[in-house]
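Scroll down for the structure; my scribbles are underneath it.
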Amino acid sequence: MREGDPTRLFDEGLARVEGEYEAAFAAALDEPALRAAAARYIGPNGELTQLLRQVGSLPAESRRAYGARANTLRQRVEHAFEQALAQLRERERRRALDVAPVDPTLPGRWPRPGRLHPTRRALLDVVDVFTSMGFDVADGPEVDRAEYNFDRLGFPPDHPATDMHDSFFVRGGEADRLMLRTHTSTIQVREMMRRRPPLAVVAPGVVYRRDDDATHSPMFFQIEGFLVDRDVSMADLRGVLTVFGERLFGAGTPLRLRPSYFPFVEPGAEADLGCTFCRPWEQPAGARPDCRVCKGSGWLEILGCGMIHPVVFENVGIDPETWTGFAFGMGIDRIAMLRHGIPSIRMLFDNDPRLLGSL
Ligand code: PHE
């Protein structure tokens, strides 16, 4: 037979379709791919369809045999296509059934809304009370010079707080001792060096001490407050703190000052609020002896305070003959604990959503 002989081309065409179609159908991963593969052979322009159209142009003696072969092949291809299609659909169906069933009776799921940590809420509320009285808000670094944390506040060089045992030093060396601040009183120094009186400032922030038990954490939150003006007295301090106590814990919450010592105030005091749990001022019989929070005393210590020491004014370049002022420093975690009746400061840092979500 010659090259280009129509029966030979026909033979080759049939052989190609026959050799390919099964593999092509098996390779199709989804219905569109399978239909595209089938169209290549038996679609309107498919290879086999075109061969069938050419049967009429074959030599008369071969037409019947080639026509029969091509038709048989077409039936086989069609059959194979149907089967492959059924298999694909079956596979799809099984996949759909394997997916976890939808139970429309289950409660819906919704993203848990986040919210502010109780310590952050206490901080914002405390700041709010003081800004409403006209205090500015200042900030300062957590790693600061020992000079601001101790020296300019009038701590003598051998004060126990300056010991490695009580404070976290980052770098030693006489010239630039750097440390994690042990209180926010650093901001008193920084702000008084930076600005001129009259001044009324609060400064919340994290502080660090080598302290670790149920009521002490090596890291905790404080807020510093101070006011510098002419003729400031202890009565002004008492008034501001009383407003604070009433705004946070309710009208009538009593405040008392007890003499205490801090190197940077004179006189110095510790301030107690009436116990916010047994609220003795609201009870006919006074403090409850079984109150687990105040242990029956009726008072809770909440902060240290006092009149700013003249030496501190001198150390920051403010004339102590002209200016007077008070300062206080309070633990914010403690306020959050009191508000929510949390017995251990650790619980505030454990981040257990069962606790935090309930406050
Ligand atoms: N800085 C003191 C402390 O951390 C508290 C304080 C601040 C006391 C201001 C007096 C005046 O304990």
(request) Work out the length of the dipole vector of the range 118-356 about its Cα centre, built from +1 on the beta-carbon of each Lys and Arg and -1 on the beta-carbon of each Asp and Glu, and round it to the nearest 20 debye. (result) 700
(message) Running a GNM on the chain with Cα contacts under 10 Å, which residue among Ser167, Ser62, Ser260 ends up with the highest mean-square fluctuation?
(response) Ser62
(message) Place a point 7 Å from Cα of Arg93 in the direction of its Cβ. Which residues in the range 7-34 have their backbone N less than 12 Å from it?
(response) none
(request) Mind jotting down a quarter of the surface of the convex hull over the alpha carbons of the range 18-63, in square nanometres, one decimal? (result) 3.6
(request) Note down the nm distance, to one decimal, between modelled labels 7 Å out along Cα→Cβ at Asn351 and at Thr7. (result) 8.5
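Scaled to the compact-protein estimate 2.2 N^0.38 Å, what is the alpha-carbon radius of gyration of the chain, rounded to two decimal places?
Working: Rg = 42.8 Å, N = 359, 2.2 N^0.38 = 20.6 Å.
Here the answer is 2.08, to two decimals.
Taking 0.36 nm per residue of separation and subtracting the Cα-Cα distance, what length does fully extending Ser260 through Val311 add?
Details: separation 51, 0.36 × 51 = 18.36 nm, distance 1.78 nm.
Extra length from Ser260 to Val311 when fully extended: 16.6 nm.
With the convex hull built on the Cα atoms of the range 6-97, state its orientation-averaged projected area in nm². Working shown, then result.
Working: hull surface 22.5 nm².
Its average projected convex-hull area is 5.6 nm².
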(request) Using Cα centres only, tell me the gap between the range 64-87 and the range 302-359 in whole Å. (result) 89
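Go ahead and run the numbers for FRET between Asp213 and Asp319, Cβ-Cβ distance against an R0 of 41 Å, rounding to 0.05.
Numbers: r = 43 Å, r/R0 = 1.04.
Calculated transfer efficiency: 0.45.
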(request) Would you look at the GNM of the chain, springs on alpha carbons closer than 10 Å, and say which of Arg288, Arg171, Arg16 moves the most? (result) Arg16
(request) Please check which bits of the range 298-313 a label hung off Ser233 would reach, taking the label as a point 7 Å along Cα-to-C-beta and the cut-off as backbone N under 17 Å. (result) 306-308
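Taking loop as defined by DSSP and a crowding limit of 15 other beta carbons within 10 Å, which trypsin sites (Lys or Arg not before Pro) in the range 183-221 fit?
Values: sites: Arg190, Arg194, Arg195, Arg209, Arg210; in loops: Arg195, Arg209, Arg210.
Qualifying residues, ordered by number: Arg195, Arg210.
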(message) If R₀ is 41 angstrom, what is the calculated FRET efficiency for the pair Leu124 and Ala285, using the beta carbon separation as r and rounding to 0.05?
(response) 0.70
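So what is the accessible area of the chain per residue, in Å², with the probe set to 1.4 Å?
Details: 19890 Å² over 359 residues.
Result: 55 Å² per residue.
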(request) Report the trypsin sites (Lys or Arg not before Pro) located in the range 66-120 that are in a DSSP loop and have at most 16 other Cβ atoms inside 10 Å of their Cβ, or state none. (result) Arg109, Arg115
(request) Could you tell me how many degrees, from 0 to 90 and to the nearest 10, lie between the Cα long axis of helix 6-27 and the main elongation axis, the longest principal axis, of the Cα atoms of the chain? (result) 30
(request) With r as the distance between the Cβ atoms of Glu61 and Arg40 and R0 = 25 Å, compute the FRET efficiency 1/(1 + (r/R0)^6) and round to 0.05. (result) 0.25
(request) Determine the share of the range 118-356's accessible area contributed by carbon and sulfur atoms, expressed in whole percent, with a 1.4 angstrom probe. (result) 52
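The values are calculated or read from the model by the stated rules, or taken from the named source; none is laboratory data. Everything quoted here is computed from the prediction, not taken from an experiment. Cβ: placed from backbone, ideal geometry, glycine included. Neighbour counts: every protein chain shown. To get the accessible areas, we keep the full protein, side chains included, count just its heavy atoms, and leave off ligands, DNA and RNA. Shrake-Rupley method; radii C 1.70, N 1.55, O 1.52, S 1.80 Å.
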